[in-house]
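Enquirer: Can you keep this structure in mind? I'll have questions shortly.
Values in this text are rule-based calculations from the coordinates and carry no lab data. Because the structure is predicted, anything quoted here is derived from the model rather than measured. So basically every Cβ, Gly included, is an ideal-geometry build from the backbone, and we count neighbours across all protein chains shown.
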Amino acid sequence: MTTILDWPGYRVYRHEIDEAGRTLKLWVRRKRGNRVLICSGCGGRAHKIEEVRQREVRDLPWRKYQAIVHVEYYRIRCPKCGLKVEQVAQLPSKAPFSRDFEDAVGLACESAAARQVARQFGLAASTVRAIDLRYLERWTKSRKKPVLRQMGVDEIFLGKTQKFLTVVSNLETGEPLWFGADRKEETLDEFFRTQLSGMQRSRISAACVDMWEPFTKSILKWVADCRIVFDKFHVMQHANKAVDEVRRAEFFRKGGPMRGLVKGKRWLLLSRWVNLDGKKRQLLNDLFRLNRRMMKAYLLKESLDRLWTYSYERAANRYLNQWIDQLRWQRLEPFKKLAVMLLRHLEGILNYCRVKVPFGVVEAVNGNIKSLLRRGRGYKNLRYLLLKAQRMAVLKTEFVVFRKAA
Ligand SMILES: [Zn+2]
């Protein structure tokens, strides 16, 4: 029994089998040679045993038998903390489960929803989530955190009540690092203040953000020589919006057959030309033949994309100016607004020439978080959501990369 149970340093000294109830009860205590006592408060060594106690935990099943282990443990006198419970590897928390059992549940949670895991193990879904959270906390405590050199900051809209969530991520590893409620300058300030030392902050060389000013302000306040790079994805989203505004204006301006032609083309107009097959390109060409303004808008959006192919700031700047020159006499108001916005954020757009931050990571991290939120309702606890998303990024499971706009 001791061999099968395989708890290092512990031996089975009594057992009971209930065949009808399909349960196996085991009583275990320390092996004679196992004398090292560790304080659960400080992790230091203790020598004096004050009291012997017993706890009951559920362990991994033995074939069809549910295993319940009665563990003998000590209350000890720690030189630093006083009277404390000793630390036992197989007793990770006050909950009635062994560590092996919790690890099995946590592992199952990596590929299935809490509700399914609950059914599999015969537990309540809330219990499964609590076990999973402890499993993830143990994992994060034991791992080495990668250095933060390039950070991404973005927000997720959670809904009308919780509003926004600020998400800070490590662009090199593609994992989220921190969540903050709201998306104010102070929100991001809190990240820099509570999560990083001065040394860690000084290692950050670049930040990929959208054009949300509170974030940029906060970053430059805390990391003075950080290069801000505006996310291409977000800039292109603005370009797509401009195309859409032109489309809507044309729809209402022109009546009759033109309306029919513009109708239902929204998705087509927002797609990149390279991603369209011959039939869809033909549909767009039909539209462009009849409406020059739509064509111009589409070409402007498509050509803006090239701005991110330059390696020299001066060349990129020249390209952007040429692009803006094309707007003259076009009466494309949404694009004029876009041009003003691009010029206002010029430095952060051209910074990409010097620091090639990986675009798309921020969106992928966001996509993962959203898919977690969609799948389970158990993420009112933001700490749990963060650990779960981190674990996902490290395991590279379901890593959705959004390429549509970027
Ligand atoms: Zn102690």
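Enquirer: Work out, step by step, the length gained on full extension between A112 and I17: first 0.36 nm times the residue separation, then minus their alpha carbon distance; give nm to one decimal. Before the final figure, lay out each step's value.
Expert: Working: separation 95, 0.36 × 95 = 34.20 nm, distance 3.20 nm.
The span from A112 to I17 would gain 31.0 nm if fully extended.
Enquirer: Starting from the Cα of K64, draw a straight line to each of the lysines and keep only those under 30 Å, dropping any in the same chain fewer than 8 residues away.
Expert: Cross-link targets: K25, K31, K94.
Enquirer: At a 4.7 angstrom Cβ threshold, list every cysteine in the chain that has nobody to pair with, or say none.
Expert: Result for the chain is C42, C109, C208, C226, C353, no neighbouring Cys Cβ within the cutoff.
Enquirer: Going highest first, how would you order 205-212, 8-15 by mean Cβ packing within 10 Å? Working shown, then result.
Expert: On the way: 205-212: 21.6, 8-15: 14.5.
Sorting 205-212, 8-15 by mean packing, highest first, produces 205-212, 8-15.
Enquirer: Rounded to whole Å, give me the distance from the Cα center of region 266-302 to that of region 36-112.
Expert: Between the Cα centre of region 266-302 and that of region 36-112, the gap is 64 Å.
Enquirer: Over the Cα atoms, compute the radius of gyration (one decimal) and Dmax (the largest Cα-Cα distance, rounded to a whole number) for the chain, in Å.
Expert: Rg, Dmax (Cα atoms, Å): 29.2, 92.
Enquirer: What lysines does K254 reach when the alpha-carbon gap must be under 23 Å and sequence neighbours fewer than 8 apart in one chain are set aside?
Expert: Cα-Cα hits under 23 Å: K241, K263, K265, K280, K296, K301, K336, K337.
Enquirer: Which of L107, A124, L284 sits closest to the plus end of the dipole of the chain, meaning its Cα is farthest towards the positive end, when Lys and Arg get +1 and Asp and Glu get -1 on the C-beta?
Expert: Sorting the options by dipole projection puts first L284.
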